[in-house]
Structures are given as structure tokens and as C-alpha cells.
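Taken together, the values in this text are just the output of simple stated rules run on the coordinates, not laboratory data. Bear in mind the structure is a predicted one, so any value in this text is a computation, not a measurement. FYI the Cβ positions are ideal-geometry reconstructions off the backbone, even for glycines, and counts take in every protein chain you see.
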Amino acid sequence: MSEETFTPALGRLAPARFFDYVVALTRERLWRGLTVMHLAPRPGDTILDVGCGTGSLALLAARVEPQANIVGLDPDPEILTVAREKDAHSRVRWLTGMGDDLVASVGAESMDGVTSSLVLHQCPMDVKRAILASMFAVLRPGGRLVIADFGWQRTPLMRLAFRFVQFADGKTDTQPNADGVLPELISAAGFTDVREADVVATINGTISIYTARKR
Ligand SMILES: C[S@@+](CC[C@H](N)C(=O)[O-])C[C@H]1O[C@@H](n2cnc3c(N)ncnc32)[C@H](O)[C@@H]1O
């Protein structure tokens with residue numbers, strides 16, 4: 001299954017090219033750093049960033065381990081233009097493609113690691129499931145999954161803060177994340193050792209970092 005449409009990076013708020021200015025307000029360095037720490041790229045690893053947007057996470061992974069092969073994939077050609085412009089020196093491979101059809105883009109069981117940040121909260125439930133199944137299909141046995149996204153909003157303050165994201169991306173797709181659905185969906189896709197490894201409070205709600213493995 002592949003979706004023909006997708007929610008752009010800033011939803012209905014603004015054009016995608018302004019995304020980096022908005023995401024900078026979310027303690028970005030902290031949660032991106034934790035995400036790459038859990039991903040732990042090693043020399044020779046091939047790692048896919050699904051819904052890479054302007055490429056910040058993929059470029060950080062490439063800086064942390066220059067001998068890893070990093071692939072950034074996104075359906076939005078406009079935002080990939082920004083990613084390519086930011087990528088002066090790294091060897092990141094940028095691909096246009098949908099997250100629910102990753103086998104078509106990179107091949108089955110071809111990845112040592114798959115990561116994704118701030119993508120699933122924007123997707124309808126069936127697309128969240130399809131993207132996770134697709135991630136499972138492209139990981140090699142033993143491969144690792146690290147997802148950073150708005151997760152369970154535990155407190156009234158964080159639920160209030162998350163309303164900004166819900167204004168931009170709509171409530172239907174975002175509320176399941178706020179209710180804490182992601183670990184259950186990750187397990188249902190076939191992953192094991194599913195863990196909410198870190199939780200970072202931001203002005204837009206908490207971002208959780210989920211880790212899991214394909215056995
Ligand atoms: C909020 S942005 C996050 C971008 C980037 N991951 C980051 O952390 O800066 C969400 C991105 O997901 C992409 N996206 C939306 N639907 C998608 C899908 N079905 N498959 C893959 N990417 C998708 C959008 O084009 C957008 O670039």
C-alpha cells in the first residue's frame with residue numbers, strides 16, 4: 001500500500017521551507033542528539049531516515065559516524081531541496097519516496113538501522129501502521145529502530161502545549177500519539193524490545209524516543 005498524499009512538514013501552518021525555524025523551538029539539539037545516541041551508527045552501517053524533511057537528523061547521524069551510509073527519504077521534493085542545500089559535505093543519499101512503501105525505494109532487509117522523527121504523529125492510523133510495517137520489512141534481522149515523535153502527553157500542561165501541534169496537523173491524526181499509541185503499534189508491526197527510552201518536554205508537548213529491534 002502506498003499513500004499518494006502526505007501532510008507537509010508544517011501541516012497547514014506555513015510552507016515546508018520554514019520548518020527548521022519552528023523545530024528549533026523544540027529543544028531540538030537534545031532530542032536529536034538522544035535519537036542518534038540510541039541509533040548508535042557504526043562504520044559500514046546502512047541507516048534510513050524515513051520522512052527526513054530538511055535532513056537535520058540524517059546529517060547529524062552522518063556527522064557522528066562519517067563511515068556509515070545514511071539515506072534520507074521523504075515524499076516532498078520541496079523539502080528535499082532544503083536538505084540537499086544543507087548537505088555541503090556529507091555522503092547522505094537523498095531519495096523521494098513514501099514511508100509506507102520503503103521496499104520499493106531501498107529494498108527488503110537492506111538496512112542496519114531505521115529512524116524517523118516527527119513523522120508518525122502527522123499520519124492517519126492506517127498510515128502509521130503501514131509505515132511501521134514497511135520499516136520492519138527493510139530492516140535486516142537484528143536491525144534497530146529508533147523513533148522520535150510526540151508521544152504520550154502525560155500532564156495537563158503537556159496536553160495543552162501539544163494543542164499547537166494539533167492546530168497545525170489536525171486532531172484526528174495526532175490524538176492517538178498523545179494517548180500513547182506508538183509502543184503498541186511498533187510491537188504490532190513485529191518489533192521486539194520496544195521501549196520508550198527517553199521523554200523530552202518541549203514547548204509543543206513531549207517528544208518520546210522509542211527504541212525497538214527486529215529479531
Ligand atoms: C514534521 S516533518 C519532520 C521532518 C524531519 N524528520 C525532522 O525531524 O526534521 C514530517 C515529514 O514527514 C514527511 N512525511 C509525511 N508523510 C509521510 C509518509 N507517508 N512517508 C514518509 N514521509 C512522510 C513530510 O514530508 C515531512 O517532511
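Numerical summary
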| quantity | calculated |
| --- | --- |
| Failed item in (1) more than 10 Å from the ligand (Cβ to nearest atom); (2) of a type in the set (A, V, I, L, M); (3) touching a Lys or Arg at 6+ places or on another chain (Cβ under 9 Å), with Leu57 passing the rest | (1) |
| Members of region 41-61 found to be outside any strand (DSSP E or B) and either within 25 Å of Arg17 (Cβ to Cβ) or of a type in the set (A, V, I, L, M) (or both), listed by number | Gly51, Cys52, Gly53, Thr54, Gly55, Ser56, Leu57, Ala58, Leu59, Leu60, Ala61 |
| Selection from region 77-99 of residues that are touching a helix residue (DSSP H, G or I) at 6+ places or on another chain (Cβ under 9 Å) and part of a helix (DSSP H, G or I) | Glu78, Ile79, Thr81, Val82, Ala83, Lys86, Gly99 |
| Long-range neighbours under 7 Å by Cβ, at least six apart or interchain, first residue more than 17 Å from Val146 (Cβ to Cβ) within region 107-129, second charged (D, E, K, R) and surrounded by 19 or more Cβ atoms within 10 Å (Cβ to Cβ) | Gln122/Asp169; Gln122/Asp173; Cys123/Asp173; Pro124/Asp173; Val127/Asp100 |
| Selection status of Arg42, loosely packed, with under 15 Cβ neighbours inside 10 Å and within 16 Å of the chain's Cα centre (by Cα) | no |
| Residue within region 140-150 that is more than 16 Å from Gly190 (Cα to Cα) and in a loop (DSSP other than H, G, I, E, B) present | no |
